[in-house]
Amino acid sequence: MSDGTQAGSQKLKLGALTALVVGSMIGGGIFSLPQNMAAGAGAGAIIIGWVITFFGMLTLAFVFQTLAFRKPEIEGGVYGYARAGFGPYVGFNSAWGYWISAWIGNVSYFVVFFSALGAFDALGFFGDGNTMPAVVCASILLWALHFMVCRGVHGAAFINTVTTVAKLVPLALFIGIVIFAFNVETFNLGFWGSPTLGSVVDQVKSTMLVTVWVFIGIEGASMFSGRAEKMADVGKATVIGFLLVMVLLVAVSVLSMGVLTQPELAALKNPSTAGVLKAAVGDWGAALINIGLVISVGGALLAWTLLAGEAAYLAGKDGTMPAAFGRLNKNGSPANALWLTNGCIQVFLIITLFNSAGYLALLSLATSMILIPYFLCALYALIIVLKSDGYEAGDSKRLKDIVIGLVATVYGVWLVYAAGPKYLFLSMILYAVGLPFYLWARREQKERPFTSLEGILAAIVLVLGAYAAYELGTGALSL
Ligand SMILES: NC(=[NH2+])NCCC[C@H](N)C(=O)O
């Protein structure tokens, strides 16, 4: 973290950076993957979905690598690039969207965390993680974490390395066991799905939000590029982390389809890896996974509390967001940013209670919020290489970078399309709410709020947001 806040001031080496990437990517997503993927797709479509994701995410990882290398002076990771490329209003929205995605993701973590603990409570207090007792306990955990982080978590990078290793153990066991339980006939049954699932393209589309969700965090090393010992390590850590996580994800989702059939998987309670392992080895398998999830999500909750705080803090510090968020307390923690972040989580936890919004709805919203920031990074990488900005004349890497930027940009567009309009539309409400914060920041900077193009963009966001809010109010739209 910049300024040596929170995690002390030692510089991060390759190992720690890789742990950061892997640690922020592996949270709750992978543990629910079998159900989430099978909910709308058969094995064939799931494999196609992973192939698309492999190329798309690999190029996105390369985009972060290229940007770290070509634009080392840009701080703030994801939103810093959007701002450099597309001006302050778009930059603000990228920071805002990223930040909201980070904390809504944490709301989903709380839900799935208590859903996993629910497996051990015989009275069913925690249910699917959004019952009254679950929300009360989640709130207590939230504020405990808040005060811990506000006091300054020195050695957070170290804690992260430990939890990252700890969460790999149950996953490795899962894969090892499921390989033995794998049954080719089960796998082949309904390979191309059933009529209820629709066409193969529809099935593939249905998997796209989930595949992005499980890769969120791939930008983890970029976010902390200011603290890396060597800039080249940021890119290396991103690509190593990507490959490692990719193998785990594909193994977990594809192997599960050889243990239970698609309709059986689709009906599992999340974390669904527990149900798969239970089918393979009995009750202890489910217990193992539920414990693994609690450790994994616990670690990821800490990592994402720091990331969300860091995102708002960096944006506040450079004037993209109001300066108040850029202030550190005496322990070197961005206390204001953390209060705002965790306050928002608290409000959303209460909303999940009344809306009974489950894990899947929350992660879909969190993922939709990050699509635009990711897309803007890809587009920016494409633009700088096309303009030869940051490249020497005759740089032999240019052609490669053009292809990477192009594929990543196309992937970004495809994701927005595949994710479907619903969550994107809902996310406009949250982008519209950001407007006053933007105006506040511009005022502090004594800058004109908008160019005319930015003004038009803001108006569109406002209209769409208001309309979505209206539909949400009438019940025409729900989480
Ligand atoms: N709290 C968050 N914003 N988490 C986003 C990262 C999600 C992570 N890839 C997972 O599968 O769990």
> What whole number of Å gives the distance from the Cα centroid of the stretch 157-236 to the Cα centroid of the stretch 248-314?
Replying inline: 10 Å
> What are the ³J(HN,Hα) values, in whole Hz, obtained from phi via the Karplus relation 6.51 cos²θ - 1.76 cosθ + 1.60 with θ = phi - 60°, for each residue of the stretch 320-331 in sequence order, with x given for Gly and Pro?
Replying inline: 6, 10, x, 4, 4, 6, x, 9, 9, 7, 5, 8
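For PHE182 and ARG448, what does the FRET efficiency come to when R0 = 56 Å and r is the distance between their Cβ atoms, rounded to the nearest 0.05?
Numbers: r = 62 Å, r/R0 = 1.10.
Efficiency, from the Cβ-Cβ distance: 0.35.
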> In whole angstrom, how far apart do the alpha carbon centroids of the stretch 85-128 and the stretch 342-369 sit?
Replying inline: 6 Å
>> Going by amide H atoms built from the backbone, whose H comes under 5 Å of the H on LEU12, apart from near neighbours?
In response: ALA228, GLU229
>> Can you give me the Kirkwood hydrodynamic radius for the stretch 397-479, using every pair of distinct Cα atoms, in Å to one decimal?
In response: 15.3 Å
>> As a test of understanding, state the convex hull volume per residue of the stretch 199-352 from its alpha carbons, in Å³.
In response: 183 Å³
>> Can you give me the distance in nm between label points at VAL433 and LYS11, each placed 7 Å from the Cα along the Cα-to-Cβ direction?
In response: 4.0 nm
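How large, in percent, is the carbon and sulfur part of the accessible surface of the stretch 192-320 at a probe radius of 1.4 Å? Please list the in-between numbers first.
Details: 2650 of 3830 Å².
Accessible surface attributable to carbon and sulfur in the stretch 192-320 totals 69 percent.
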> So for the pair TYR467, VAL165, with labels modelled 7 Å out along Cα→Cβ, what separation do we get in nm?
Replying inline: 5.4 nm
> To the nearest 10 Å², what's LEU382's accessible area with a 1.4 Å probe?
Replying inline: 20 Å²
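Rank these by accessible area, largest first, 1.4 Å probe: THR320, THR474. Spell out each step's value before the answer.
Numbers: THR320 5, THR474 80 Å².
Most to least solvent-accessible, the answer reads THR474, THR320.
Using the Kirkwood formula on the Cα atoms of the stretch 212-290, what hydrodynamic radius do you get, in angstrom to one decimal?
Values: mean 1/r = 0.0679 Å⁻¹.
When all Cα pairs of the stretch 212-290 are included, the Kirkwood radius is 14.7 Å.
Give me the net charge for the shell around VAL385: Cβ to Cβ below 10 angstrom, other residues only, Lys and Arg +1, Asp and Glu -1.
On the way: positive: ARG70, LYS387, LYS397, ARG398, LYS400; negative: ASP389, ASP395, ASP401.
Charge balance near VAL385 sits at +2.
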> What percent of all Cα-Cα pairs in the chain falls in each 10 Å bin, counting up from 0?
Replying inline: 4, 20, 32, 28, 12, 3, 0
> Using a 1.4 angstrom probe and counting only protein chains, how large is the accessible area of ILE175 in Å², to 10?
Replying inline: 30 Å²
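Using r as the Cβ-Cβ distance of GLU392 and PHE69, and R0 as 22 Å, what FRET efficiency do you calculate, to the nearest 0.05? Don't skip to the end; give the middle numbers.
On the way: r = 13 Å, r/R0 = 0.58.
E(calc), rounded to 0.05, equals 0.95.
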> Which shape class applies to the stretch 1-152: rounded if a/c is under 1.5, otherwise prolate when a/b exceeds b/c and oblate if not, where a ≥ b ≥ c are the square roots of the Cα gyration tensor eigenvalues?
Replying inline: oblate
>> Could you tell me what a quarter of the Cα convex hull surface of the stretch 433-473 works out to, in nm² with one decimal place?
In response: 2.9 nm²
>> Students often forget the sequence filter, so: which lysines lie under 16 Å Cα-Cα from LYS13 once same-chain residues fewer than 8 apart are removed?
In response: LYS230, LYS236
> To the nearest 10 square angstrom, what accessible area does ARG83 show with a 1.4 Å probe?
Replying inline: 80 Å²
>> Under 21 Å between alpha carbons, and skipping anything fewer than 8 positions from LYS387 in its own chain: which lysines qualify?
In response: LYS71, LYS397, LYS400
>> Taking only Cα atoms of the stretch 77-209, what ratio of Rg to Rh do you get with Rh as the Kirkwood inverse-distance radius?
In response: 1.07
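Residue separation times 0.36 nm, minus the C-alpha to C-alpha distance between VAL247 and PHE54: what's the value? Numbers along the way, then the final one.
Details: separation 193, 0.36 × 193 = 69.48 nm, distance 1.00 nm.
Length gained, VAL247 through PHE54: 68.5 nm.
Go through 451-462, 201-212 and give me the packing order, highest mean Cβ count within 10 Å leading. The partial results should precede the final answer.
Values: 451-462: 13.8, 201-212: 22.0.
Ranking, from highest mean packing down: 201-212, 451-462.
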> Taking only protein heavy atoms and a 1.4 Å probe, what accessible area per residue, in Å², does the stretch 14-417 have with all protein chains in place?
Replying inline: 35 Å²
> Assuming R0 = 22 Å, what is the FRET efficiency of LYS422 and ALA267, from their Cβ-Cβ distance, to the nearest 0.05?
Replying inline: 0.45
> With each run of n ≥ 4 DSSP H residues scored as -39500 (n - 2.57), what mean residue ellipticity at 222 nm is computed for the chain after dividing by its residue count and rounding to the nearest 500 deg cm²/dmol?
Replying inline: -25500 deg cm²/dmol
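The values are calculated or read from the model by the stated rules, or taken from the named source; none is laboratory data. Everything numeric here is computed off the predicted structure, so don't read it as measured data. Reconstructed Cβ throughout: ideal geometry from the backbone, glycine too, with neighbour counts over all protein chains shown. We work out accessible area using only protein heavy atoms, side chains counted, and drop any ligands, DNA or RNA first. Shrake-Rupley method; radii C 1.70, N 1.55, O 1.52, S 1.80 Å.
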